[in-house]
Each structure stands twice: as structure tokens, then as C-alpha cells.
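The values are calculated or read from the model by the stated rules, or taken from the named source; none is laboratory data. From a predicted model like this one, the values you see are computed outputs, not experimental measurements. Cβ placement follows ideal geometry from the backbone for every residue including glycine, while neighbour counts extend to all protein chains displayed.
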Amino acid sequence: MKVFGIDIIKGSVRSRTRRPVYALARVEDGEVLDVEEVTGFRLQRLLAAEEPDILAVDSLQEIAADQRELHAFLQSLPPATKLVQVTGGERTESLGKVAARYNISFNKFDPYAEARTTARVAALGAGVEVIAFENTTDIVVSRHRSPGRGGWSQNRYVRKIHGGVLQKAREIEGRLRGAGLDYEKKETKAFGGYSRVAFRVKAPREMVPVHSSRGADVQVRVTGRQLDRIRFEPLSDGRPRYLIVGLDPGTTTGIAAVDLDGNLVLLTSSRQMTMSDIVEELYRAGKPLIIASDVQQMPYSVEKIRRAFNAIPYTPKQSLSVEAKYDLTAPFSYTNDHERDALSAALDAYRSLQNKFRNIVKRVGPGYDLDEVRARVLRGQPLDTVLADLQGAPAAKEEAPAAEAEPVRPVEDERVMALDGMVKRLRSYVQELQEELRERDRDLERLRQDVRRARSAAERKIRRDAELAAKDATIESLREQLRDERRRSRRLKKRLERMQKVAKLEVSEDYTPLKVLDSLTREAVRALQEEIGIAGGDVLYVPRAHGWGRGVVKDLAGTGVRALVVGGEPPDPHLVRVARESDLPLLQEEAVNPDIRGRTGAALTDALERAIVKWQEEQKAFRREQEAERVEYLVKEYRSEREKEVRRGG
């Protein structure tokens, strides 16, 4: 298998002035043949000439700026050449990670090394094939030149071109029939033959035995039908990746899975997962190689899932503590304790295998799938057998046993004594180290107890601070209520004092109390009602009648107020009329001569009575005038109606 791997040295496909220059590496049957520098045009020529099986890139952005250019590039490739992106499809990863999976290292800053690595990992089956066309191919046979206006021989010239299109179309149709391909044909007739013939073949482009070409009179264009969206298919057999799975069973089941490099692949939890749901979820994520638990005795439900996958069991030597779980899962984020426990089980299993994985990497050369090697070794196969199997060669025969060693000579007594002394010293040193280790364990346990006590003290302080804050908020609320009550008490005290003054004046026979309105508005009436109160028989005083309204006068008359004394200028005639209509005595300040002090006042009872009597006499005259006006209005209405009847009767 021949593979081309490319990487950009300089330039860009998006630049019009600096076109890209590539490093091109050729790999054939797993061996790197050569690496050279080529332009984009030179690369197209080499692809057409050598027709490799795979053109490998680490990013599609290196060959096309957008989807239209990518379709054009794929269209220009030889039919048997696959375009492979070694870093993945929808979800990509770095070339370094892909190469590390096959134990290949390279200089990331060297385009030639990247081109070699890209070609090697593609030859080993890494990456995805980029598919942009359906399994349908369009073949269009048409004229390569325009007939034009022509001269005397114009008809013969047109007949020659259209006959060439007809002949080429019949030749292509014969090839399609010979290959046994289904097709549809659409012809456009013209003078002497056809001007255009289109075939729609139900087969991918690499299976169609026709290639694009151009002749003097006829051109053939072979194109695949474009997909609505670029599709990626794994280049290899699509083998799922191996996983180390941690499970935390219970009412809420936690599931965590990491790959053999310790990268998190799956972390979820649910209260409604059955065993089949868990198995399906793990199948979608990959192939569980190890099923791990965070307790020393694996639960029965976890054991059932392990048997379903025939996976390797793992349990810790002793159940993981909460502190150990926090240490293991610190670099990761999780949503609940069940996910934490499952993730800690998977990570603990991975940590226990790290040394074995490092030794395998040291012993395995580049070009092997490390995941497959590690999985087989963990299942008990010898490393040499695994490598030979993956390489496709029979396992190497075991080397002949070495020649029998010569019998060991008896050693001197002095050396035996020296070795015995060394063993004794080493044993005493081991005992010292063990004692030191126990002392450190005691110190560690003591420090942990100190930490727990400190945490408890901190929690108690936090709770106490929270309680104090709540009590402080309650105290502040009560203080605010107390201030409101004090303000209310002062207002009521002032109101009581005013009411007492009014009561004293009411007891007096010479004076009549007055209650003062700020203005002749409903707001002022409401304020006076709240402070002192307004009852039937009260006499009110207003300094000015500005801003009065008909509604407030009627409201005062409805409360049974005895009289309303107006100060300042003489009241508005409209106000007087409204007061007379409402039968509310409206007195001027000069007639009463009140003594006003704050919200209350007083007036001589005799003067007030005289003013009210005078108002009542005027009120009787007002009523008589109203009655006269009403009678006069009725007479006029009667006369008007009679005149109308007379006119109608005449």
C-alpha cells in the first residue's frame, strides 16, 4: 500500500500571493521512501501519475479553504485515492496524540517530520476517510468548441463536432454495459448527432471505467454527486477503543470511563438506569477492558456487568476513603458523589497499571497499536506473542536454553561472614525504616485529626456567625418597627392634644371650636379626618378656597358639617352656588372673626350663630329664586310646545 503524507511548509490556501508549499512523504508497505518539497500543482501531477492508495493530511484546512474548494480537490484526485484526515473527523485530536497511540514520536516544529508521521499513522489505519460524494457518478459528454457563425463549410464542421459527441457517447455506453453498471441517459439532439449526452451511473466514481478527458472537438467530464454534508468514515475496521470503567451502583448509578491513557471518555449518573441501559451506554462509549469498583468487595450488580463484557475485574486492596477519592478526582469536574465514586474507581485502576503501561511502551517499537498491545498483555498474553501476532509473523521461537552454568565454586568463610553481617545490618536498617514509617503514619493520622477538629471548629464558627447574622437582622427589623411605633405614638399624642383642645372649646358656651382645613381638596379633608376627625355638627375653617372642587363640597355636606368658614378673598360665586345647592353654609371670615391656632381654632358662638342665620335667610331666598326660575322654565316650555302644536294644526 502506497501512502502520501503532506504538511504545509509555507504559504496558505487562503492566500492569493503566497500559495502553499508542502512537505511530501512517501510510505510504501510501512517504510518511508523519501520526503521532498512540492508545490500544489506539483502535488496534483504526482497524485495523477503515481495514484497512491491514501493521501493523508492532519487538517483539511491545509488543502482547501472552504467546502467548495474541498469538493474541487476531491474531484481532482484519482478515483482509487482516498483522502484521509488522520486527526479524526467531527471531533479532532492533535497529531501528537494520534502518533503516541502507535508509539511514534516526532518533532512538532518540523514539517518534514510531520509529513512522515502523517503518512505512517495513516498506513497503520489511523484517521478517517473524507467522503464528499454519493455512490452516484455523472458523466457528461459535450462539445469542446463552439461551432460559431462559420462560412461555406459551416454545416460540415457542425456535423463533424456533433458526430464526435455521438461517437464518444456510444463508446462510453459500451464501457458501462461491459462493466455491468446501471445508468440513466439523457441526450440532446443536434444537427448531425448530439450536442450533449449525460449519463447518471449508479456506482461510485472509482468503479466507473471512464475518466475525464478533452479532445479537439469533444470533452468528457466525470464527477461524483456531492453530498449535502461532508461525511467521515473510519479508515480502519472501526474497532472501538478500550476503556477502564468505574461503577458506583445504588439508587443513583454513577458511570465513569477513561481510556488507556487516562483521558476521561464518559461520566454520567442516573436514578432510572437498568442493567441493560448501563450496558448500552458503555457499548456506545467503547469496549470495557477493566471494570472497577471503589470498595474492596465488588458488588454483585457490578460483577454482573463485568461478566456481560467479559472484562477484567479490579478492586482496591482496601475501600477508598473520601480523602483519596477527592485526591484522585481533583483534576476533573463532576455533579454528585456517585459520579465522583465511579470516577475515582476508574482512575485508581488506571493508576495501578501505569507502571506496567510504561514498561510496555519501552519494550514496544514504533508502529504498533499501543491500545491493542496493552489490552492483550492485560489479558495474559506474552508481549512477544502479541507483537508477533500484530506484525503478522509467527511468534519467534524460544531461544535454546543457555548452556548449563558451571558449578559455583564454594565461597570462602570470610565472604559468608561478611554477607551475613551485611544482611543483619540491612535487616536492622529495614526495621528502622519501618519504625520511621509507622511514626510518620502516626503523625499523619494526628495531623488528619487536627484537620478534622479545625474543620469542625470552622463549621461551628460558620454556623454561629450565620445565627448571629440572622439575629442581628431580626434585631434591626424590631428596631425599625420600634421607630415606626414611636413616630405613630407621637402623631397620636399630638392628635389627642388637639382633640382635647377641641373638647374644651366644646364645653365652653361662649366659643365654638373650629377645625382647620389646609385647602378645599379631598387630600386635605382626608388628612384632617386622620388627624382630628370630622363629625356631624363640626365647623370647618379653610384659609383659602383655591383649588376647590364640586365633589369635595358635596362630600363635606354629606358628612353633616354645620358650616364652612372661608378666609382670604371673597369666595368664588361658583363655589357659593355649589355650597347653596348642597345646603352647606359657606361663611366669610369677616362675619365670624375666628381665632386660629395651628390645626384648631375658635369663634364667638353668637357671631357664628348670627352668620349661620344670615346664611339660612339668604338660602331661603336662593331656594325661592330657584323655584321661580323652575316655574318660569316650565311656563316657557309649555308655551313653546303649544306654539308648535298650533303651527302643526294650522
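Being under 30 Å from ALA292 (Cβ atoms), in contact (Cβ under 8 Å) with a residue 60 or more places away in the chain and not assigned by TED's automatic domain parsing to the domain that holds SER352 is a property that PRO234 has. Among the criteria (1) modelled with pLDDT of 80 or more; (2) surrounded by 10 or more Cβ atoms within 10 Å (Cβ to Cβ); (3) within 45 Å of the chain's Cα centre (by Cα), the one LYS362 does not fulfil is (2).
One residue stands out in segment 523-548 among those that are assigned to a loop (DSSP other than H, G, I, E, B) and of a type outside the set (Gly, Ala, Ser): the one that is farthest from the chain's Cα centre (by Cα), namely ASP538. When segment 56-98 is filtered for residues that are in contact (Cβ under 8 Å) with a residue 60 or more places away in the chain and in contact with a Lys or Arg (Cβ under 6 Å, 6 or more places away or on another chain), only PRO79 remains.
Before we move on, is ARG156 at pLDDT 90 or above and assigned to a helix (DSSP H, G or I)? No, not satisfied. Residues considered: SER293, SER333, SER276. Of these, the only one that is outside the structural domain of LEU444 (by TED's automatic domain parsing), at pLDDT below 85 and farther than 25 Å from ALA99 by Cβ is SER276. Checking each residue in segment 271-314 for being part of a loop (DSSP other than H, G, I, E, B), at negative phi and surrounded by fewer than 20 Cβ atoms within 10 Å (Cβ to Cβ) picks out ARG271, GLN272, MET273, THR274, VAL295, GLN296, GLN297, MET298, PRO299. Look at PRO209 and say whether it is modelled with pLDDT of 85 or more, of a type outside the set (Phe, Trp, Tyr), more than 48 Å from the chain's Cα centre (by Cα) and assigned to a loop (DSSP other than H, G, I, E, B). Criteria met by PRO209. Within segment 271-303, the only residue that satisfies the criterion of being out of contact with any strand residue (DSSP E or B) (no Cβ under 8 Å at 6 or more places or on another chain), of a type in the set (A, V, I, L, M) and closer than 20 Å to ARG241 by Cα is VAL279. Residue count for segment 134-146 under the criterion of being surrounded by 18 or more Cβ atoms within 10 Å (Cβ to Cβ) and hydrophobic (A, V, I, L, M, F, W, C): the result is 2. Annotation note: of ALA403, ALA418, the sole residue that is at pLDDT below 75, among the hydrophobic types (A, V, I, L, M, F, W, C), loosely packed, with under 13 Cβ neighbours inside 10 Å and assigned to a loop (DSSP other than H, G, I, E, B) is ALA403. Looking at TYR300, TYR326, TYR350, just one residue is modelled with pLDDT under 90 and either touching a helix residue (DSSP H, G or I) at 6+ places or on another chain (Cβ under 9 Å) or assigned by TED's automatic domain parsing to the domain that holds THR252 (or both), and that residue is TYR300. Only residues that are within 22 Å of ASN593 (Cβ to Cβ) and in contact with a helix residue (DSSP H, G or I) (Cβ under 8 Å, 6 or more places away or on another chain) were counted in segment 511-531, giving 8. Candidates VAL121, VAL165, VAL130, VAL140: the one that is modelled with pLDDT of 85 or more, under 27 Å from ARG231 (Cα atoms), of a type outside the set (D, E, K, R) and assigned to a helix (DSSP H, G or I) is VAL121.
In segment 169-190, the residue that is farthest from the chain's Cα centre (by Cα) out of those that are loosely packed, with under 13 Cβ neighbours inside 10 Å and assigned to a loop (DSSP other than H, G, I, E, B) is GLY180.
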